[in-house]
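Step one of this worksheet: look at the structure below.
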Amino acid sequence: MNVLIVEDNVSARKLLRLTFEHYGCTVFEAQDGQDGLEQAARHKPDIIISDALMPRMDGFQLLMALKTDPVLKSIPFIFYSSAYTGDKEAELALSLGAEASVIKPVEPAELWEKICAIRETYKARQSKSAHAAADESNEQYLREYSRIVAAKLEEKVRELEDEIEERKEIQDELEQLNETLEQRVQERIAELNERNAEIQLAYDNLKKVQAQLLQQDKMASIGQLAAGVAHEINNPMGFIISNLSSLGKYVEKVTAYLDADEKILAGCALEIQEMALKERQKYKIEHICKDMPMLISESADGAQRVRQIVQDLKSFSRMDRTEFANANINEGLESTLSIAWNELKYNATVIREFGQLPLVWCNQGQLNQVFLNILLNAAHAIKEQGTIRIKTRAKEESVTIAISDTGSGIAPEHINRIFDPFFTTKDVGKGTGLGLAIAYDIITNKHGGTIEVQSEPGKGSTFVITLPVGRGNTQAPTVLTRN
Ligand SMILES: Nc1ncnc2c1ncn2[C@@H]1O[C@H](COP(=O)(O)OP(=O)(O)OP(=O)(O)O)[C@@H](O)[C@H]1O
Ligand SMILES: [Mg+2]
């Protein structure tokens, strides 16, 4: 069987072609009514299956054209269209001479069955009389046709409007989604930036803590070394001082003996006196007797100073007391001063105004580190000659230590940064900028105290430390001051 398919939709056309070819038909295709008419004239198919709504010439126009052609009018024509207008469309198609009207879509096998049945009916009927409806009332058919086409078009317009609406909705949704996505990306970026900043901050803090720990470690090892050396020197110094004291006493005795000897000699013969005098002169006994007590006293003095330095070193490092203990702050300041003395003595006069203080519960080694750094900073701030004043006072449950200098003072733009790790105005290699950062940590975090600074550029600075007395509330003995 030869089949002509007239259909503007390519996929629908292809589906029909496959269906009919499957059942052994030869298939011709036309994409609209006009094309269909030409193909029908050329191939004279056994059956024509046509869509209704098509461009250029629709299915109804094609049917009418076929029915007016003496040769083509006998080819059975089947409408295969969607249910836009339902029965009315089918009625019009049949009245125009279509063999049947099949509503899309139909399963291939079912469609084939329907086509075969339609063909059988057609054959049986053909022997009777040809359809003449097309001629009967052309005007009425055309009216009906226009009405159906208008209805179909309306339906199509509605369908298109729906589709446009649907597409608009999808587009709106997409835009909204896009916006949300953009917003989420922005949020995520902001979040990531925040996390980044946090990580950077944590990293910076870690670096600072590490540097502080290193510095503290360094200070601790210096302290340990100093304490070790001090301990080693302390023992020999003990017997040197004790021996010098015995030596002093021996010298006194020897001198007394020599005096007595001289008196005894005075009673002897002149010749013996002269011999004795010669011997005395030969061994410079006069000079030795005069010099010996001085030498011994100077040595004893020196030994005492060494002992004091050793004592200061020990008390500064307080390696014997690394833990918290009741300590005398004035004593700590005193030993720190003697350690720093070499740095201070050239350009600073140190004035001590030590008050009566209670013992303070503290880690004295750490506090001495703080005092040392503040004293050295003060000495460095004094360019030529100046004064460093250290004032200690007890106040209810706390003690205050104020260290002032008449140095350069701190520029206002620096004052908020001096406790920051690595902040230094010293030349490269001269200062690490960790001294006050460590001091701040020791005073505030380790001892629950405060450290504040007041400064006037060109006039000087004052660092005030306040420490809670804590467990130590025993009166500390007044410290003897040394210069
Ligand atoms: N008494 C002071 N007078 C003037 N400026 C001071 C004084 N004390 C501290 N400063 C300023 O504060 C900065 C930081 O002091 P800090 O003790 O922390 O570090 P540094 O002394 O520079 O170096 P480091 O102590 O590590 O050797 C100093 O560089 C200085 O500019
Ligand atoms: Mg310093």
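Each reported figure results from applying straightforward, stated rules to the coordinates on display, with no laboratory input. These numbers come from a predicted model, not from an experiment. Virtual Cβ from ideal backbone geometry, glycine too; neighbours counted across all protein chains shown.
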Relative to the longest principal axis of the C-alpha atoms of the chain, give the angle of the C-alpha long axis of helix 270-282, reported between 0 and 90° and rounded to the nearest 10°. 10
Can you give the net charge of the other residues whose Cβ lies under 15 Å from the Cβ of S246, counting K and R as +1 and D and E as -1? +1
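Of the beta bridges DSSP finds with both residues in the range 323-483, what % are antiparallel, to the nearest 5?
Of those bridges, close to 80 percent are antiparallel.
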What is the helix-to-structure angle for 364-381, meaning the angle in degrees between its Cα long axis and the longest Cα principal axis of the chain, kept from 0 to 90 and rounded to the nearest 10? 90
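Mind checking Rg over Rh on the range 2-136, alpha carbons, Kirkwood formula for Rh?
Numbers: Rg = 13.5 Å, Rh = 14.6 Å.
Radius of gyration relative to Kirkwood radius: 0.92.
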Gap in Å between the Cα centre of the range 348-411 and the Cα centre of the range 439-474? 9
May I ask for the angle, rounded to the nearest 10°, between helix 10-22 and the longest principal axis of the chain, with both axes built from Cα atoms and the value confined to 0 to 90°? 60
Percent breakdown of C-alpha pair distances by 5 Å bin, ordered from the shortest bin, for the range 323-483: 2, 9, 19, 23, 21, 15, 8, 3, 0, 0
Using only the Cα atoms of the range 1-60, build the gyration tensor, take square roots of its eigenvalues as a ≥ b ≥ c, and label the shape rounded, prolate or oblate: rounded if a/c is under 1.5, else prolate if a/b is larger than b/c, else oblate. oblate
Expressed in µm² per second, the diffusion coefficient of the chain from the Stokes-Einstein equation, with Rh the Kirkwood radius over alpha carbon pairs, at 10 °C and 1.306 mPa s, is 46
